[in-house]
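Written below as structure tokens is the structure these notes are about.
The values are calculated or read from the model by the stated rules, or taken from the named source; none is laboratory data. Being a predicted model, the structure only gives us computed values, none of them experimental. Methodologically, a virtual Cβ is constructed for each residue, glycine included, from the backbone with ideal geometry; neighbour enumeration extends over all protein chains shown. To get the accessible areas, we keep the full protein, side chains included, count just its heavy atoms, and leave off ligands, DNA and RNA. Shrake-Rupley method; radii C 1.70, N 1.55, O 1.52, S 1.80 Å.
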Amino acid sequence: MSMKPLEFDRRYGDLDQVISAYAGLAADDTPDSPGRALTAYLRHTWHTRPWALSVAEQQLRTYAQNPPGRLRQRLGEFYPVPDIGLPEAGIQQWLLLLADHIKGSVEEGQVPPPAALPGTHWEWHARFPELGQFLGGWFSQDMPDEFEDHEAAVLDYAGSADPTLVARLVGELRELLALGLEEVDYAVGVAELGMEVDPPAPYAPSAWLAVVSELLAGPRAEYA
């Protein structure tokens with residue numbers, strides 16, 4: 001029997017956040033410095049949920065020092081560490097290394113500075129969660145079969161999502177646009193966040209995001 005959600009969160013919730021940051025990336029951490037994935041996790045968590053760092057450190061260390069035995073594995077009452085490119089024998093030491101880096105970051109006040117451009121796929125979604133839901137849900141490769149055009153997809157989202165979520169999306173769109181990225185970086189961003197179709201002509205990604213923001217922000221905004 002697998003664990004109930006509350007029990008899972010108590011034991012592994014923040015550990016899972018750390019491990020999820022490695023999706024698609026190598027475990028390239030060294031004793032001297034955290035790797036790309038852990039740096040992204042530390043940067044985002046320091047600036048959004050700093051209290052979670054100590055919990056993550058404790059959960060990583062507890063799991064590494066008390067790996068699940070055969071009974072817990074048979075019952076499914078454990079956290080299955082996904083394949084991160086390390087031999088099974090090296091997982092324990094890697095988890096302890098992550099815990100040490102998090103502990104050092106907290107105790108020494110080593111806060112990664114904010115970055116205009118998220119560094120990993122995980123960080124894009126952690127920083128812009130509602131935008132990821134919007135682009136991945138309404139602008140997948142099936143969008144042309146489901147909607148007449150981009151405007152119809154935007155209006156479908158606006159009509160089906162809770163107003164609070166719509167407002168949150170508008171805020172995330174404006175935050176992303178305020179970063180003043182290069183156009184190629186906006187193209188990378190919308191792809192990382194799940195958009196699988198091109199913006200409508202003649203818009204570049206940033207210009208289309210600005211149009212969507214205005215369309216969702218109020219009833220008088222015009223799409224084109």
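The charge dipole of segment 73-152, taken about its Cα centre with unit charges on the Cβ of Lys, Arg, Asp and Glu (plus for the first two, minus for the last two), comes to roughly 580 debye.
Which of LEU53, ALA64, LEU209 sits farthest toward the positive end of the charge dipole of the chain, with +1 on the Cβ of Lys and Arg and -1 on the Cβ of Asp and Glu? So the residue furthest toward the plus end is ALA64. Only protein atoms count toward the accessible area here, which uses a 1.4 Å probe; on segment 92-152, the carbon and sulfur part of that area reaches 47 percent.
Dipole check for the chain: with +1 at the C-beta of Lys and Arg, -1 at the C-beta of Asp and Glu, and the Cα centre as origin, the magnitude is about 1240 Debye. Taking Lys and Arg as +1 and Asp and Glu as -1, the other residues whose beta-carbon sits under 12 Å from that of ARG168 total -3. Take segment 138-212 with all the other protein chains still there, run a 1.4 Å probe, and you get 52 Å² of accessible area per residue. Rounded to the nearest angstrom and listed largest first, the equivalent-ellipsoid semi-axes of the chain from its Cα gyration tensor are 38, 20, 16.
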